[in-house]
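**Student:** Once you've had a glance at the structure underneath, I'll fire off some questions.
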Amino acid sequence: MIRRKIVAGNWKMNGSKESVDSLVNGLLEIESQASEVVVAPSFPYLSQVEQLASKSQLVLAAQNVSDELKGAFTGEVSASMLDDFGVKYILLGHSERRSLFGETDSLVAKKVAIALNAGFAPMLCIGETLEERESEQTLEVCKRQIQAVIDTVGIDKFDSLVIAYEPVWAIGTGLSASAEQAQEVHSLIRAFLAESSKSVAEKVQILYGGSVKASTSSALFKMPDVDGALVGGASLDAKEFIEIVKAAG
Ligand SMILES: O=C(CO)COP(=O)(O)O
């Protein structure tokens, strides 16, 4: 099966009105048949990016969503609010949310359910720490993180979401997984999904994230089970990000 590639930029907690303006303007020229190009700005800039990118190919993602629908939850942002800004994808379970903000497998699963019910496509981020890799727990960790979501929303919903395999040791470290390392885990994730549904396993797009740069992306994209990239630091530089999009085909 041919799966369309996704190249997504997670801007994390970076940017200002001015820098968002110049970054988006730098990305407007992107025209890619081969891939869907996604940017995930911080909440305050969603409206700005929506307007600037309205005539472009850029697709909007949010970096998080509340697990509550509405009401007295100071500081939270609901799914229906994101719907007001043309958001398609929502990053969920990013390792920074898990490790720094205490998001558990069950909270992430609840958020995935909220996002799906509201019509969004979650980008479910999973991945092991260095310690877990060194003790050969990589697959076990990925399976556990995915299983929590299967138990909550059911395997059939997985054809409406995207998985991003982001080994924690590769995030922001400059130490990307090799293309072969990424392929190995992606194919094991797909095999795990196939135990529940072969058709879902074939269809689901699995992105790699963790120190992706233009120079490393083409080797990654050649791998049969790497369906794109979730890019952090390098997505803040329009030229670099465009090179990664080009590498996707
Ligand atoms: O966390 C990431 C994307 O979500 C990856 O970040 P870096 O590309 O900066 O390593």
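Any read-out appearing in this document is the output of simple, stated calculations on the displayed coordinates, not a laboratory observation. Treat the numbers as computed from the prediction; the structure is a model and nothing was measured. Cβ sites come from the backbone with ideal geometry, for glycine too, and all protein chains shown count toward neighbours.
**Student:** What lysines could a cross-link reach from LYS143, if we take a straight Cα to Cα line under 29 Å and drop same-chain neighbours fewer than 8 places away?
**Tutor:** Cα-Cα hits under 29 Å: LYS5, LYS12, LYS88, LYS110, LYS111, LYS157, LYS198, LYS203, LYS213, LYS222.
**Student:** If the elastic network links every pair of Cα atoms under 10 Å, which of VAL87, VAL141, VAL37 fluctuates the most in the Gaussian network model of the chain?
**Tutor:** Largest GNM mean-square fluctuation: VAL141.
**Student:** Which aspartates and glutamates have a Cα less than 14 Å from the Cα of LYS70, not counting those fewer than 8 places away in the same chain?
**Tutor:** List returned: ASP83.
**Student:** Turning to a different aspect of this structure: Which one of GLY172, ILE150, PRO122 has its Cα pushed farthest toward the positive end of the charge dipole of the chain, where Lys and Arg give +1 and Asp and Glu give -1 at the Cβ?
**Tutor:** It is PRO122, whose Cα lies furthest towards the positive end.
**Student:** What residues qualify as long-range amide H neighbours of ILE90, i.e. H under 5 Å apart, gap of 5 or more or another chain, H built at 1.01 Å from N?
**Tutor:** HN-HN under 5 Å from ILE90: ALA62, ALA121, MET123.
**Student:** Sticking with this one: Just to be sure I understand: with springs between alpha-carbon atoms less than 10 Å apart, which residue in SER235, SER99, SER66 has the highest mean-square fluctuation in the Gaussian network model of the chain?
**Tutor:** Result for the chain, Cα springs under 10 Å: SER99 fluctuates most.
**Student:** If the reach is capped at under 12 angstrom between alpha carbons, list the aspartates and glutamates near LYS55, excluding any in the same chain fewer than eight residues apart.
**Tutor:** The qualifying aspartates and glutamates are GLU29, GLU31.
**Student:** Taking θ = phi - 60°, what integer Hz values does the Karplus form 6.51 cos²θ - 1.76 cosθ + 1.60 yield along region 187-200, in sequence order, with x for Gly and Pro?
**Tutor:** 5, 5, 5, 5, 5, 5, 5, 5, 4, 9, 7, 5, 5, 5
**Student:** For the peptides 75-86, 109-120, what is the packing order when you average, over each peptide's residues, the other Cβ atoms within 10 Å and list the highest mean first?
**Tutor:** Highest-to-lowest ranking by the protection proxy: 109-120, 75-86.
**Student:** Also: If contacts are Cα pairs under 8 angstrom and at least 6 residues apart, what is the relative contact order of the chain in percent?
**Tutor:** Relative contact order here is 22 percent.
**Student:** Sorted by packing (mean other beta-carbon atoms within 10 Å per residue), highest first, where do 15-24, 180-189 land?
**Tutor:** 180-189, 15-24
**Student:** Does region 94-249 classify as rounded, prolate or oblate by the C-alpha gyration tensor (a ≥ b ≥ c root eigenvalues; a/c under 1.5 gives rounded; else a/b over b/c gives prolate, otherwise oblate)?
**Tutor:** Here region 94-249 falls in the rounded category.
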